[in-house]
Amino acid sequence: SQTIHQWPATLVQPVGSPLSLECTVEGTSNPNLYWYRQAAGRGLQLLFYSVGIGQISSEVPQNLSASRPQDRQFILSSKKLLLSDSGFYLCAFYRAGSYNSPLHFGNGTRLTVT
Amino acid sequence: QKEVEQNSGPLSVPEGAIASLNCTYSDRGSQSFFWYRQYSGKSPELIMSIYSNGDKEDGRFTAQLNKASQYVSLLIRDSQPSDSATYLCAVNSGGGADGLTFGKGTHLIIQP
C-alpha cells in the first residue's frame, strides 16, 4: 500500500535558524509531491510541488525552498526562519498521472518559530 | 485566481440531526471535488470525492455537485459527536499537476 511519512512531528526553532523538513513516500514510483502550509485561521496554502527528481515548482515567493533529491523524497528548507514561517506543514502526494485523484497527506509538522 | 469559498462557522448541529456544509468555487474548468475532515492538530483526511453532477452517497455522508452553479455540498446524516471537526472543501481545476485548491474550512460542532 502507498504510505507517506513526514518528520519531525513538532519543531520549535528560533528566528534566524535553519529548517529542514523531510517527507518520503512508499509503495509508489514517480509520485507528484506537494508541500502545503496551514497557518492559524487560514486555509491550506500550496508552497511547492514536484513532478519528478530535481523538478520543483514554487507557488509562493518566500524564504523557503524545496528539493527532491530522490524519486520518493521531498525536502522543505529554509536558511533563516521568520516568525511568519510558523504553521502546520503538510506533505502530500497522489499517483503519477492521476491528477483528478485526491491528495493524501502525511501527519504534518507543527513548526513554531520563537 | 482559483478560489474556493466556505463559511468558516462554527456550525452547531444537535446530535442525530443532518449537518449541511457548503462550498463554492471560482474556476468553471474544475473537474474533481473533494471533502476532507480535519481534527484539531491533525492532518486532513479524505472522506468524499465527487466528479460529476448529482449526489454521491457513502454511509452517512452525501456529496452533492452542481457545476452550473459552481457549488459543492456535504451532508452528514445522523450526526455524531465524533463528526465534530473542520471540513475542508478542495477542488482540482483542469486536472493539472499543481495540486488542489482548498477552502479555509467549516468548523462543525455536534452538540450531544
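Being under 10 Å from the mean Cα position of the chain (by Cα), more than 16 Å from residue B:86 (Cα to Cα) and of a type outside the set (Ser, Thr, Tyr) is the filter here; which residues of the stretch B:25-49 pass it?
B:33
Which of the residues that make up the stretch A:8-35 are surrounded by 15 or more Cβ atoms within 10 Å (Cβ to Cβ) and in contact (Cβ under 8 Å) with a residue 60 or more places away in the chain?
Correct list: A:11, A:13, A:19, A:21, A:23, A:25, A:28, A:31, A:32, A:33, A:34.
Of the residues in the stretch A:1-46, how many are among the hydroxyl-bearing types (Ser, Thr, Tyr) and touching a Phe, Trp or Tyr at 6+ places or on another chain (Cβ under 7 Å)?
The total comes to 1.
This table checks each residue for (1) modelled with pLDDT of 95 or more; (2) not hydroxyl-bearing (Ser, Thr, Tyr).
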{"residue": "B:29", "(1), (2)": "no, yes"}
{"residue": "B:32", "(1), (2)": "no, no"}
{"residue": "B:58", "(1), (2)": "yes, yes"}
{"residue": "B:75", "(1), (2)": "yes, yes"}
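Show the residue pairs that are 6+ apart or on different chains and have beta-carbon atoms under 8 Å apart, the first residue being within the stretch B:40-51 and within 7 Å of chain A (Cβ to nearest Cβ), the second being basic (Lys, Arg) and crowded, with 20+ Cβ neighbours inside 10 Å.
B:44/B:37
Wholly within the stretch A:1-97, which strands (runs of 3 or more DSSP E) include no fewer than the required count, namely at least 3 residues that are within 11 Å of another protein chain (Cβ to nearest Cβ) and in contact with a Lys or Arg (Cβ under 8 Å, 6 or more places away or on another chain)?
In the stretch A:1-97, the matching strands (runs of 3 or more DSSP E) lie at A:44-52, A:87-94.
Which residues, counting only those in the stretch A:25-45, are touching a Cys at 6+ places or on another chain (Cβ under 9 Å) and of a type in the set (S, T, N, Q)?
Listed by number, the list is empty, since nothing qualifies.
Can you tell me which of (1) modelled with pLDDT under 95; (2) under 24 Å from residue A:107 (Cβ atoms) is the one residue B:44 doesn't meet?
All conditions are met except number (1).
Would you check if there is a residue in the stretch B:30-39 being loosely packed, with under 13 Cβ neighbours inside 10 Å and either more than 11 Å from residue B:76 (Cα to Cα) or within 14 Å of another protein chain (Cβ to nearest Cβ) (or both)?
yes
Among the numbered conditions (1) assigned to a strand (DSSP E or B); (2) within 11 Å of chain B (Cβ to nearest Cβ), tell me where residue A:101 comes up short.
Unmet condition: (1).
Looking only at the stretch B:6-29, decide whether some residue is under 30 Å from residue A:9 (Cα atoms) and of a type in the set (Gly, Ala, Ser).
yes
From A:33, A:46, which residue is touching a Gly at 6+ places or on another chain (Cβ under 7 Å), of a type in the set (A, V, I, L, M) and under 15 Å from residue A:92 (Cβ atoms)?
None of the others qualify; the one that does is A:46.
Which number in (1) closer than 13 Å to residue A:34 by Cβ; (2) more than 9 Å from chain B (Cβ to nearest Cβ); (3) of a type in the set (Gly, Ala, Ser) marks the one condition that residue A:106 misses?
Answer for residue A:106: the failing condition is (2).
Among the residues that make up the stretch B:58-73, is at least one of them free of Cβ contacts under 8 Å to residues at least 24 places away in the same chain and either of a type in the set (Val, Ile, Thr) or touching a Gly at 6+ places or on another chain (Cβ under 8 Å) (or both)?
Taking every residue of the stretch B:58-73 in turn, at least one turns out to be free of Cβ contacts under 8 Å to residues at least 24 places away in the same chain and either of a type in the set (Val, Ile, Thr) or touching a Gly at 6+ places or on another chain (Cβ under 8 Å) (or both).
Give just the number: which of (1) of a type in the set (Val, Ile, Thr); (2) at pLDDT below 95; (3) under 27 Å from residue B:37 (Cα atoms) does residue A:24 not satisfy?
Of (1) of a type in the set (Val, Ile, Thr); (2) at pLDDT below 95; (3) under 27 Å from residue B:37 (Cα atoms), only one is false for residue A:24: (2).
The values are calculated or read from the model by the stated rules, or taken from the named source; none is laboratory data. What you see is a predicted model, and the numbers here were worked out from it, not measured in a lab. Virtual Cβ from ideal backbone geometry, glycine too; neighbours counted across all protein chains shown.
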